[in-house]
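Notes follow once the structure below has been shown.
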Amino acid sequence: MNKIKLLFVFAALMLAVPSFAAIDTIAVDVGISVFQTMPIGVVPFEEEGKIKWTSEAPHLILARDANLSGRFEAVPSDQFDLVLFSKKRARQYVTGNATKLSNGKIKLDCYLYAAETKDLLLGESYTVKPYDVRQAVHSFFDKVVYRLFGERGVATTKLAYVSKIDGTKQVVISDYDGFSRRQITRDSSINMMPVWQKNNKGLVYVNFRNQRPNLYAITFGGKETPLFTQFKQTFSPAVNPKTGELLFSVTDGGKTEIYRGDMKTGSAQKFLHLKSNQVSPSWSPFASEVLFTSDRGGSPQVYAVGKDGSDVRRITYMGHYNERASWSPEGDRIVYTSMDDGKMNIYTCALDGTDIIQLTSNAGNNEHPTWSPDGKLIAFASDRGGNYQIYIMRKDGSSVTRITSGTENTSPTWSWFFDEKK
Amino acid sequence: MSKIIKFAMMGFALAFFAWGCSKEKPETDPNPKTAEAPADSLLNLDALIADTLSADSLARLEAERLEAERARLEEMINRLMTEDVYFDYDRSDLTENAKRLLAQVAEILVNETRFIVTVEGHTDARGTEDYNISLGARRSTVVRDFLVAYGVDAGRLMAVSYGKERPKVQGSDEAAYSKNRRAHFRVSIANNE
């Protein structure tokens, strides 16, 4: 039965592809899509004692994690309901117990069960302050992902982005789902372009306190260090995921070029020896290659180059403005922003620039894409709702979810995986 | 301010020197401190008052002259800071209008050697933050190079880029965009004293 349906879907896809083939920018991605998410039952926790949740009840956090993950589709149910779970093909479900302790803490026992047999597949217990419930539930959810997929989930990862606070762009961080937001910078000039240091030790960002763009490193305790002060104007930071080394743009005499520098020693050398301007460097997942944008062809286009600066090759040819490319953590795709008729939209393509897929369209400007560390999701900024906010979508452009609200939020950068604390 | 005081003191000194000459008393040391000696004599009080008054008016005149000079500089700085150089979309070459304006700016800067100028390059809201910083940098550098070629000392000119971060006009239409694609002058006065 199942197989026949899958065949049908596959046949429908095969039929659909040729009709799209004539239009280069539209295609159907058969990576993850709605067909391939795994349904998972979500049942409210049994509560002992009246518990006042600081944000949401645990099962709502789990359902949100499931739907955002790009791996699952939540099947909510008020109690265990085998008929419903079977109908929706949810082979597993999550639930738990919550107990309010006399010291004000909350004990969460979280379970993953097989729906049919009611076998316990995973059980985790957390005793946390009310404010840390979200963190505990995210942590459990990532264990569920690992149990069922053998891969690390992103529920415990974070985003850094730029938020307009009292009219000033400030760098903030939050959980990947937009909750638990924290302001990191306080300076009253402009703070922008945050990226995560290796091991999420802190951020690197751009600040204008000297009336020009300069790079700074900042810890989450607020300790700031100016970087590469031998240059007048520095921006576009990109952290090497393996060594922590930094690629960044330096502007001197009207020319903008990419340099490679060591944050600890402050030494930096020119990375590329090209006549053109270069911005927006991005490392490949194993730091063997680098993407960047150059105007050498007369318009900004994406290029790739070896980590030693050799073998420059052009990736994008379509359109007149392709910028801010970033390599997927799985290594197989590139996401970038393209401008057409003054509107920004997000596209992905294969490493050789072919197989272009437009992920956003007819919804305002969509820009600054950043991959989740598992490569399943893309966070980006869009003004589709009137002002700029951060959204998350699956890598095929489906399931777009807004995760911020209020005054303008832009320029998200996803953290690396956090090392699990034992 | 300190200049005014200095000048006023000089005025006093000159006045007393002139007074000394008119009385045909040989005065060897025309220093301000000698002014204290004649002041002891009540007989000379009237003359002293008259002379002080004239020194006062001299100082006032000088203050007015300085004030006028300050106003002139201020006006010139204001003009420099309101007259932006505009660019075409995604371009950093100077239009004919831009060149005419820059020639006037250069004329001012060649004459006013105390002006120190930061040229800010700005872009409209379209495009990425990163690319727009490089575009703004090209714009400010083109302007700086023009002024240097005209004869302005390069040491007094700095070119920086704000990319799309500081729009002059809010909005997402060509009217706003065209006002925001600009090079802006920020002027300060070198302190020579």
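The values are calculated or read from the model by the stated rules, or taken from the named source; none is laboratory data. Here the structure is a predicted model, which is why all the values come from computation and not from measurement. Note: ideal-geometry Cβ built from the backbone for every residue, glycine included; neighbour counts use all protein chains shown. All accessible areas refer to the heavy atoms of the entire protein, side chains included, with ligands and DNA or RNA removed. Shrake-Rupley method; radii C 1.70, N 1.55, O 1.52, S 1.80 Å.
Does segment A:212-258 come out rounded, prolate or oblate by the C-alpha gyration tensor, with a ≥ b ≥ c the root eigenvalues, rounded set by a/c under 1.5 and, if not, prolate when a/b is larger than b/c and oblate if not? Judged from the Cα gyration tensor, segment A:212-258 comes out oblate (a/c at least 1.5, b/c at or above a/b). Distance check, please: which entries in A:169/A:223; A:164/A:395; A:169/B:179; A:169/A:255; A:164/A:255; A:223/A:270 exceed 24 angstrom between their Cα atoms? Result: A:164/A:395; A:169/A:255; A:164/A:255; A:223/A:270 exceed 24 Å. Think of each Lys and Arg Cβ as +1 and each Asp and Glu Cβ as -1; about the Cα centre, that makes the dipole of the protein assembly as shown roughly 1720 debye.
Charges were assigned to the Cβ only: +1 to each Lys and Arg, -1 to each Asp and Glu. The resulting dipole of segment A:158-414 about its Cα centre is roughly 640 debye.
Here residue A:118 is the anchor, and the aspartates and glutamates within straight C-alpha reach of less than 18 Å, apart from those fewer than 8 places off in the same chain, are A:46, A:78, A:81, A:109. Cβ-Cβ distance of residue A:223 and residue A:286, R₀ of 25 Å, FRET efficiency by 1/(1 + (r/R0)^6): the value works out to about 0.25. Summary of the geometry: segment A:162-176 and segment A:107-140, compared by the centres of their Cα atoms, lie 31 Å apart.
With the charge dipole of the protein assembly as shown set up from +1 on Lys and Arg Cβ and -1 on Asp and Glu Cβ about the Cα centre, the Cα lying farthest toward the positive end among the listed residues A:170, B:49, A:239 is that of A:239.
Answer with one residue from B:77, A:185, B:115: the one whose Cα lies farthest towards the positive end of the charge dipole of the protein assembly as shown, charges on Cβ with Lys, Arg +1 and Asp, Glu -1. Selected residue: A:185. Spatially, segment B:46-100 and segment B:105-144 are offset by 23 Å when compared through their Cα centroids. For the chain pair A and B, the interface hides roughly 2200 square angstrom of accessible area in total, found with a 1.4 Å probe.
For segment A:31-149, the convex hull drawn through the C-alpha positions has a volume of 94 cubic angstrom per residue. Calculate for chain A the 222 nm mean residue ellipticity that helices alone would give, adding -39,500 (n - 2.57) per DSSP H run of length 4 or more and normalising by residue count, nearest 500 deg cm²/dmol. Mean residue ellipticity, 222 nm, calculated: -4000 deg cm²/dmol. Most fluctuating residue of A:398, A:382, A:163 in a GNM of chain A with Cα springs under 10 Å: which is it? With Cα springs under 10 Å in chain A, the top fluctuation among A:398, A:382, A:163 is at A:398. The residues packed around residue A:392, meaning those with a beta-carbon under 12 Å from its beta-carbon, carry a net charge of +2 if Lys and Arg are +1 and Asp and Glu are -1.
Ranking A:331, A:79, A:135 by Cα position along the charge dipole of chain A, where only Lys, Arg, Asp and Glu carry charges on their C-beta atoms, puts A:135 farthest toward the positive end. Taking segment A:346-422, which GluC sites (Glu not before Pro) meet the DSSP loop condition and have no more than 11 other C-beta atoms within 10 Å? Taking segment A:346-422 and a limit of 11 other Cβ atoms within 10 Å, the loop GluC sites (Glu not before Pro) found are A:420. Membrane-span-like helices in chain A, defined purely by DSSP H runs whose alpha carbon atoms cover 20 Å or more axially and whose average Kyte-Doolittle hydropathy reaches 0.5, are A:2-20. As a calculated quantity, the FRET efficiency between residue B:97 and residue B:68 at R0 = 35 Å, using C-beta atoms, amounts to about 0.65. Taking A:101, A:203, A:246 as the candidate residues, the one with maximal mean-square fluctuation in a Gaussian network model of chain A, Cα springs under 10 Å, is A:101. Counted by Cβ distance under 11 Å from residue A:280, the other residues give a net charge of -2, where Lys and Arg count +1 and Asp and Glu count -1. The charge dipole of segment B:83-189, taken about its Cα centre with unit charges on the Cβ atoms of Lys, Arg (+1), Asp and Glu (-1) only, comes to about 180 debye. Sorted largest first by accessible area at a 1.4 angstrom probe radius, with every protein chain in place, the residues A:88, A:376 fall in the order A:88, A:376.
The value given for chain A is a Kirkwood hydrodynamic radius of 23.0 Å, derived from the mean inverse Cα-Cα separation. Residues in segment A:87-103 carry Karplus couplings, in order, of 4, 8, 6, 8, 7, 10, 9, 10, 6, x, 10, 10, 10, 8, 8, 5, 7 Hz; the curve used is 6.51 cos²θ - 1.76 cosθ + 1.60 with θ = phi - 60°, and Gly or Pro positions show x. Local charge for residue A:188 was computed over the other residues whose Cβ lies under 13 Å away, with Lys and Arg +1 and Asp and Glu -1, and equals +2.
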